[in-house]
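A short reminder: the numbers here are calculations on the coordinates, not readings from a lab. Treat the numbers as computed from the prediction; the structure is a model and nothing was measured. Every residue, glycine among them, receives a Cβ derived from its backbone with ideal geometry; neighbour counts consider all protein chains shown.
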Amino acid sequence: MTQNKSWMIPAAFFALAALANWSGRLWEMEDLARMAKPALMPLLAVTTVAAAGGIGSRGMRLLVCAQLFGWLGDVLLMRSGFGFFVGGMAAFLMGHLFYITLFGGKSWKGFGMKVWLPALAVMAAIVCGLVVAIGIKGALLGPMLVYGMILMLLIFSGLAGVIRFGGPWWWILSGALLFTFSDALIATGSFDALPFAGKDFVIMLTYVVAQAFLAAGALRLERPAA
């Protein structure tokens, strides 16, 4: 995003880590996938900071916080067990809240209840439908409903930006949709719904691309002239 091209170096390592993870998932080389996964979000964070020329702006600080919580979620979900699953999803939820603060503050400004009430109704209906389809119940029902609504708010942030401004908001909306798709696949795996070959590969493919799209959109909002 700046004339300084130093961001291309960590970006190249990010791309290599992504390819290594995807290859490990696709060809069932678990050690390769596990080795590459923890490096993804730190490398993306370094790339975005270098591209922005620092973290002096509020938007960049929010972006990096979201990315670091993504890294924490990645690390926790590498471990098996209920506690690690809950911790990983909680870390991702925190990351989504930072994204919503960053994007929603720009795209929602000026919205009144005439917009919010039907939007919230539609989002709640989508979340309830997904929860029923996936088969979530018991103690996790409430937390997953909350998590689903947060994801819908992230999508709404991007959609509002696309409708009102266009441009870089397409990156943000695409990232939000891909992130939601990836998380939905994680949930289906955790609750024994919709099994299919290559699910882990699809989860990581859509997740990594989603994070990259959100970063690209945020950078373009920070430096619209670039």
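Longest exposed-loop-site-free stretch of the chain, with trypsin sites (Lys or Arg not before Pro), DSSP loop and at most 16 other Cβ within 10 Å?
138-226
Taking θ as phi - 60°, what are the ³J(HN,Hα) couplings along segment 153-163 by the Karplus curve (6.51, -1.76, 1.60), each to the nearest whole Hz, with x for Gly and Pro?
Listing the rounded values in order: 5, 5, 4, 4, 4, x, 5, 4, x, 4, 5 Hz.
Would you compute, from DSSP H runs of 4+ residues alone, the mean residue ellipticity of the chain at 222 nm, taking -39500 (n - 2.57) per run and dividing by the full residue count, rounded to the nearest 500?
Helix-only estimate at 222 nm: -28000 deg cm²/dmol.
Quick one, which of (1) 15.5; (2) 13.0; (3) 12.3 is the actual mean projected area of the Cα convex hull in nm² calculated for this model?
It is the value labelled (3).
Need one number: nm distance between label points at residue 80 and residue 128, each 7 Å from Cα along Cα→Cβ, rounded to one decimal.
The answer from the label model is 3.7 nm.
So what's the gap between the Cα centers of segment 136-155 and segment 77-123, to the nearest angstrom?
9
Treating only the Cβ of Lys, Arg, Asp and Glu as charged (+1, +1, -1, -1), what charge dipole size does the chain show about its Cα centre? Round to the nearest 20 debye.
Result for the chain is approximately 760 debye, rounded to the nearest 20.
Only counting other Cβ atoms within 10 Å, I'd like 80, 174 sorted with the fewest neighbours first.
Ascending number of Cβ neighbours within 10 Å: 80, 174.
So which lysines can residue 37 reach, going by Cα to Cα under 30 Å and dropping same-chain residues fewer than 8 places off?
5, 137, 199
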